[in-house]
Amino acid sequence: MSLFAARLSFAEDDAPQALRWSWRLEPADAAPGTDAELVILATLAPDWVLYSSDFTAPIGPRPARLVAVASSPLDFLGPLRSIDAKRKRDASLDLEYGYFSERAELRQRVRVPADGNVATTLRGQACHEADGTCHLIRQDISIAGNR
């Protein structure tokens, strides 16, 4: 799929139902003030791709990234990591990018806040390869702390 041929829907709330999300904290009982790993998983419907976090692009596909939630301060320790992402080169953009099909796994080291609640928002882009339609992703992630 040529990225120039893709149509992009700019409605962030129009995230495709073709992605099913789940997340967890490892260890699950991480105490406030300790470091833990936020694991974000997605199952993708056939012909869908989700762009990974392991590239930068001034134009074209939007890499996955986590953004802080104002009401819940969360320290990110290092970069968001894409686990087993596939790689592709787009000659028209002179860009190599990463993506997932079928299954996605992203991992982020975090310091658990004082209230024990982990909250962030995943932003990125998913595309349906069969018709070139792309959607911006905005997935809120929240894990209640152990009290």
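Whether any residue in the range 1-10 is at pLDDT 95 or above and hydroxyl-bearing (Ser, Thr, Tyr) is what I want to check. Please lay out each step first, then the result.
Let us first name the residues in the range 1-10 that are at pLDDT 95 or above, namely none.
Looking for residues that are at pLDDT 95 or above and hydroxyl-bearing (Ser, Thr, Tyr), one finds none in the range 1-10, hence no.
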Quickly run through the range 93-118 and pick out the residues that are charged (D, E, K, R) and touching a residue at least 40 places away in the same chain (Cβ under 8 Å).
-> 96, 102, 103, 105, 107, 109, 111, 115
Of a type in the set (A, V, I, L, M) and assigned to a loop (DSSP other than H, G, I, E, B): does that describe residue 126?
-> no
Residue count for the range 129-145, restricted to those that are over 16 Å from residue 23 (Cα atoms) and part of a loop (DSSP other than H, G, I, E, B) | 4
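Hey, could you check the range 105-123 for residues that are part of a strand (DSSP E or B) and not aliphatic (A, V, I, L, M) and say which is farthest from residue 61 (Cα to Cα)? Show your work before the answer.
Our first condition is that a residue be part of a strand (DSSP E or B); within the range 105-123, this holds for 105-111, 118-123.
Still in the running and not aliphatic (A, V, I, L, M): 105, 107-109, 111, 120-121, 123.
Numbers: 105: 18, 107: 20, 108: 21, 109: 24, 111: 29, 120: 21, 121: 18, 123: 12 Å.
Ranking the qualifying residues of the range 105-123, first place goes to 111.
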Residue by residue through the range 112-130, note down the ones that are surrounded by fewer than 17 Cβ atoms within 10 Å (Cβ to Cβ), touching a strand residue (DSSP E or B) at 6+ places or on another chain (Cβ under 8 Å) and over 19 Å from residue 46 (Cβ atoms).
-> 113, 115, 121, 123
Among the candidates 36, 91, which residue alone is over 19 Å from residue 20 (Cα atoms), at pLDDT 95 or above and of a type in the set (A, V, I, L, M)?
-> 36
Quick check, is residue 22 over 27 Å from residue 130 (Cβ atoms) and touching a residue at least 12 places away in the same chain (Cβ under 8 Å)?
-> no
Residues that are in contact with a Pro (Cβ under 8 Å, 6 or more places away or on another chain) and free of Cβ contacts under 8 Å to residues at least 40 places away in the same chain, drawn from the range 46-74 = 56
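The values are calculated or read from the model by the stated rules, or taken from the named source; none is laboratory data. Note that the structure is predicted; figures quoted are calculated from it, not measured. When we count neighbours, we look across all protein chains shown, and the Cβ atoms used for this are built from the backbone with ideal geometry, even at glycine.
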